[in-house]
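The values are calculated or read from the model by the stated rules, or taken from the named source; none is laboratory data. Nothing here was measured: the structure is a model prediction, and the numbers come from that model. Counting neighbours? That spans all protein chains shown, and the Cβs are built from the backbone with ideal geometry, glycine included.
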Amino acid sequence: MPQPGRHRELRDAPRRRSPRRRRAFAVIESARFVRSLTILQAVTLSERGGAQRHVADLSAGLVRRGHRVHLACGGAGPLIDEARATGITVHPLRSLVRPIDPLRDAAAFARLVSLIRALRPDVVHGHSSKAGLLARAAARTYGVPSVFTAHGFVFLEPLGRSTRATYLAMERLGGALGTRLIAVSDRDAEAAAGRRIARRDEITVIPNGYDPPRLPAPPPASPPFRFAAIANPYPTKGLDVLVAALGRPALAGVPVDVVVAGDGPDRAVLERRASGLPLRFLGRVTDVASVLDSAHASVLPSRKEGWPYAVLESMGAARPVVATNVGGIPEQLDGNACGWIVEPGDADALAAAIAEAAADPIEAARRGRAGYERVRSTFTLDRMIDAVEDEYGRALAARRRAGRSS
């Protein structure tokens with residue numbers, strides 16, 4: 001398990017300077033270039049999701065700081081209206097879709113090249129695998145520095161060998177085309193460096209930021225002990241493992257129930273499997289805070305994650321989280337300090353952790369309060385935006401150094 005708190009070490013990877021001089025040099029480099037930039041953000045889809053939420057929060061924060069932000073994205077989802085409401089100019093990419101489609105991908109690339117030619121951005125910032133690769137390739141065409149945020153790597157999901165190899169090859173190509181790479185967790189940074197996607201000194205770890213909207217409500221006073229699962233029913237979310245866990249002997253007679261806030265293609269199948277179990281699907285909800293207020297804890301049994309907002313929201317509500325050892329979750333929860341960590345796919349371990357949390361509400365509340373203090377002190381939006389601005393400065397400085405050496 002990656003050790004929490006190593007973001008600075010990865011960010012300041014070797015350049016033949018002492019750690020103190022490297023940090024000072026990075027600050028000086030960054031400060032030269034982070035005023036009134038024109039930034040083109042690109043994300044594959046405009047649906048609701050972690051990458052889209054990150055883009056919305058980051059872009060709105062950059063606009064507040066005086067930068068000019070443009071957004072290129074596929075689909076016709078809610079991100080478009082959210083972005084426009086905060087002063088971001090949106091450029092829909094009708095041909096940009098998630099599956100690999102050579103004709104549409106070529107059209108999306110051509111549109112990105114046209115946008116870069118017209119907007120003359122200082123930096124191009126890509127998000128998600130498809131848009132990240134196309135945006136870096138288009139930026140390279142015009143010599144514009146590019147940054148890519150990896151919101152979890154697809155090749156880390158349970159995939160067939162050839163599919164995994166394809167996604168890994170795409171990430172390596174993107175790494176060769178781009179200037180800087182942002183990982184949302186130490187684990188993803190290590191995966192990128194270990195698989196030769198980018199050099200360690202080209203990678204910065206910047207966790208997603210979150211500001212709790214209000215003081216947390218106290219947990220419900222009466223049983224049953226409720227868990228909230230903030231997750232859309234997709235295979236990577238592991239809700240099938242949660243259904244299996246609720247039927248394990250460890251939870252026999254334990255007064256617990258689970259509500260799932262989210263919708264997706266696996267919902268109908270999971271509802272049939274959960275018949276007779278203490279689990280209800282609420283469908284898509286807009287008021288996640290109220291769902292968390294009604295619960296004592298949350299549960300996220302994912303098979304793959306980057307830096308999930310579901311965990312940040314639970315911490316912001318002072319609810320402990322039973323979650324899996326994937327992506328940045330162990331770093332978010334500081335090991336078991338703010339919840340319980342189990343291995344993905346292990347229904348028996350998940351059932352045992354749920355039972356342990358329900359058996360000791362005082363300890364659960366203590367871990368929830370620890371999570372609240374951690375998210376407020378460590379994972380704020382301002383810290384995230386500060387770090388991304390610094391990264392833009394590094395990308396621009398790298399381009400200047402390349403220009404001097406050519």
Inset, instruction - Name every residue in region 92-103 that is touching a Leu at 6+ places or on another chain (Cβ under 7 Å) and buried (at least 17 other Cβ atoms within 10 Å of the Cβ), in order of residue number. - result: none
Inset, instruction - Scan the helices (runs of 4 or more DSSP H) fully inside region 41-160 and keep the ones with 1 or more residues being under 23 Å from ALA398 (Cα atoms) and not assigned by TED's automatic domain parsing to the domain that holds GLY327. - result: 50-64, 102-119, 129-141
Inset, instruction - Can you tell me which residue among ALA131, ALA189, ALA137 is touching a residue at least 12 places away in the same chain (Cβ under 8 Å), more than 12 Å from ALA42 (Cβ to Cβ) and in contact with a Leu (Cβ under 8 Å, 6 or more places away or on another chain)? - result: ALA189
Inset, instruction - Inspect all residues belonging to region 301-315 and state whether any of them is touching a Lys or Arg at 6+ places or on another chain (Cβ under 9 Å) and of a type in the set (Val, Ile, Thr). - result: no
Inset, instruction - Run down PRO218, PRO233 and say which single residue is surrounded by fewer than 16 Cβ atoms within 10 Å (Cβ to Cβ) and over 23 Å from GLU331 (Cβ atoms). - result: PRO218
Legend entry - Given (1) closer than 19 Å to VAL90 by Cβ; (2) among the β-branched types (Val, Ile, Thr); (3) surrounded by fewer than 24 Cβ atoms within 10 Å (Cβ to Cβ), index of the condition THR166 fails: (1)
Inset, instruction - Go through region 136-158 and count every residue that is under 19 Å from the mean Cα position of the chain (by Cα) and aliphatic (A, V, I, L, M). - result: 4
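Quick check on GLY276: is it among the small types (Gly, Ala, Ser), out of contact with any strand residue (DSSP E or B) (no Cβ under 9 Å at 6 or more places or on another chain), free of Cβ contacts under 8 Å to residues at least 60 places away in the same chain and in a loop (DSSP other than H, G, I, E, B)?
When the stated conditions are applied, GLY276 passes them.
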Inset, instruction - Quickly run through region 335-392 and pick out the residues that are basic (Lys, Arg) and surrounded by 17 or more Cβ atoms within 10 Å (Cβ to Cβ). - result: ARG367, ARG374
Inset, instruction - Quickly run through region 203-238 and pick out the residues that are of a type outside the set (S, T, N, Q) and touching a strand residue (DSSP E or B) at 6+ places or on another chain (Cβ under 6 Å). - result: ILE203, VAL205, ILE206, PRO224, PHE225, ARG226, PHE227, ALA228, ALA229, ILE230, ALA231
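Residues checked against (1) farther than 30 Å from LEU177 by Cα; (2) modelled with pLDDT of 95 or more; (3) not in a loop (DSSP other than H, G, I, E, B):
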{"residue": "ALA191", "(1), (2), (3)": "no, yes, yes"}
{"residue": "ALA198", "(1), (2), (3)": "no, yes, no"}
{"residue": "PRO220", "(1), (2), (3)": "yes, no, no"}
{"residue": "THR236", "(1), (2), (3)": "no, no, yes"}
{"residue": "ASP240", "(1), (2), (3)": "yes, yes, yes"}
{"residue": "VAL243", "(1), (2), (3)": "yes, yes, yes"}
{"residue": "ALA268", "(1), (2), (3)": "yes, yes, yes"}
{"residue": "ARG280", "(1), (2), (3)": "yes, yes, yes"}
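Examine region 239-251 for a residue that is outside the structural domain of ALA355 (by TED's automatic domain parsing), touching a residue at least 12 places away in the same chain (Cβ under 8 Å) and either more than 28 Å from ALA387 (Cα to Cα) or of a type in the set (S, T, N, Q) (or both), and state whether such a residue exists.
No.
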